[in-house]
1. Which pairs turn up if I take residues in segment 14-30 that are more than 17 Å from residue 314 (Cα to Cα) and look for partners that are of a type in the set (Gly, Ala, Ser) with beta carbon separation below 9 Å, at least 6 apart in sequence or on another chain?
2. Checking the structure you have, find out if any residue of segment 8-18 is surrounded by fewer than 20 Cβ atoms within 10 Å (Cβ to Cβ) and either of a type in the set (A, V, I, L, M, F, W, C) or touching a Ser or Thr at 6+ places or on another chain (Cβ under 8 Å) (or both).
3. I want to confirm something. Restricting to segment 95-115 and keeping residues that are closer than 23 Å to residue 174 by Cβ and in a loop (DSSP other than H, G, I, E, B), which single residue is nearest to the chain's Cα centre (by Cα)?
4. For segment 242-255, check the following and say yes or no: at least one residue is at pLDDT below 95, assigned to a helix (DSSP H, G or I) and not charged (D, E, K, R).
5. Give the residue that is surrounded by the most Cβ atoms within 10 Å (Cβ to Cβ), with candidates limited to residues of segment 275-321 that are touching a Phe, Trp or Tyr at 6+ places or on another chain (Cβ under 8 Å) and β-branched (Val, Ile, Thr).
6. Identify, from the list 210, 215, the residue that is of a type in the set (Asp, Glu) and not in a helix (DSSP H, G or I).
7. Give the residue that is surrounded by the fewest Cβ atoms within 10 Å (Cβ to Cβ), with candidates limited to residues of segment 74-89 that are farther than 18 Å from residue 320 by Cβ and free of Cβ contacts under 8 Å to residues at least 60 places away in the same chain.
Amino acid sequence: MHYLPLMGEGSDHKRGRSFMKYMVSNTPRQILNAVAQKESQALIAKLLADPDNWIHTVETQVAKISAQAAWNDGDTKTAENSVGNANTLIPRISPDCAIENKLPFLAKIPDWVPLVLQPWKCSEVKRYNRERGFWLGQLEKVRQNPRDKAAQLSWMETFLHHEEEDEEAGYAIGMLAMIGGVLLSSPVQSLLLALCLFPEWQKKAQEEIDAECGDVAPQAADLSKLPTVRALIREVFRWRPPVPLEDQQYMSNVELRAITRDESFFPNPEDFKPERWLDPKFPTYKAPLSQYPKIKGHSGFGWGGRSCIGQDFSETVLFIMSSTILWGCNVTKKMDVTTGKEFDIPWLDIEPPNSIVKPTWFPLDVKARNGRKL
């Protein structure tokens, strides 16, 4: 078993999914909360120091949370390796990126043809070897230090008490770390876009956080107290879903993206409206607000046998990171010093088409809120 999301239905997929679900469900909540808080505050510090590098910073800090869950490894280099592997894999599996996906007959070229005549295959062999070496290397690092006190967070540490093959477990846990890093960074990046474009909602969320949390950064226990923050995250998911959706069987002429653009359920669907989750006049409203809107359970997490197995993990990370950003700083459009005007943001632009949707780079500014100590 290698890439679980790409596997067909069957016993291998079922076994791999059960194994990965067990790993994620046994993540100690208190330790995850502490790691997410630490890395979220580090994210703010890095954004304040270098706001122009926000794409890389968000990806790396989210990946550090996943890397600590996977291997108990908080090294920035490990997170960057995980992100790098993801950013080379995703174009390979995206329909409109890799040349062999556009020209499927290339996959039928006989093996005896030298790799020098197949540069696309040569690059894939290098990518695969680099990824495999990294994931199995992480497994060995954990195995050589199994009694590390903090390793109770590590999915790999849990694996050492099971009978899975090294290759299978190495890929399963490596894939979890990769997905946790890249997929979760996408909505955080889209949140930064939303905060720049809709500052009134940044202010509303900050007022709610100030009233409930004061000078203490939000924690996982504050989830039920901050419906505006949850609505903001939920609307980001609807407005800019991180993954394209497709079923294995579907009716012709049905576009599943329309799920979040159904005007009977989402009035003015192209507009960013967190109030649709908070105001009883909208069909999406649910009570009580101490429970709804939920971050998990969104269509972006999928359904059934293909649904995200880490929704609780994702909810914790997204809530803590998003609420900490709102608590600690103001995110705004960047001012052009030559004209004195704000830079325009191409808010409809996304990264070149691939399997993970995220906004293209744009200039933004990040300032610490008064009285906030990181």
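The values are calculated or read from the model by the stated rules, or taken from the named source; none is laboratory data. No experiment lies behind these values; they were computed from the predicted model shown. No Cβ is skipped: glycine too gets one built from the backbone with ideal geometry, and neighbour counts run over all protein chains shown.
1. 14/305; 16/172; 19/169; 19/172
2. No, segment 8-18 contains no residue that is surrounded by fewer than 20 Cβ atoms within 10 Å (Cβ to Cβ) and either of a type in the set (A, V, I, L, M, F, W, C) or touching a Ser or Thr at 6+ places or on another chain (Cβ under 8 Å) (or both).
3. Taking the candidates together, the pick is 97.
4. Looking through segment 242-255, none of the residues is at pLDDT below 95, assigned to a helix (DSSP H, G or I) and not charged (D, E, K, R).
5. 295
6. Values: 210 fails: not in a helix (DSSP H, G or I).
When all the criteria are applied, what remains is 215.
7. 77
Let's see how each residue does on (1) outside any loop (DSSP other than H, G, I, E, B); (2) of a type in the set (Ser, Thr, Tyr); (3) modelled with pLDDT under 90:
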| position | (1), (2), (3) |
| --- | --- |
| 295 | no, no, no |
| 315 | yes, no, no |
| 322 | yes, yes, no |
| 332 | yes, yes, no |
| 357 | no, no, yes |
| 365 | yes, no, no |
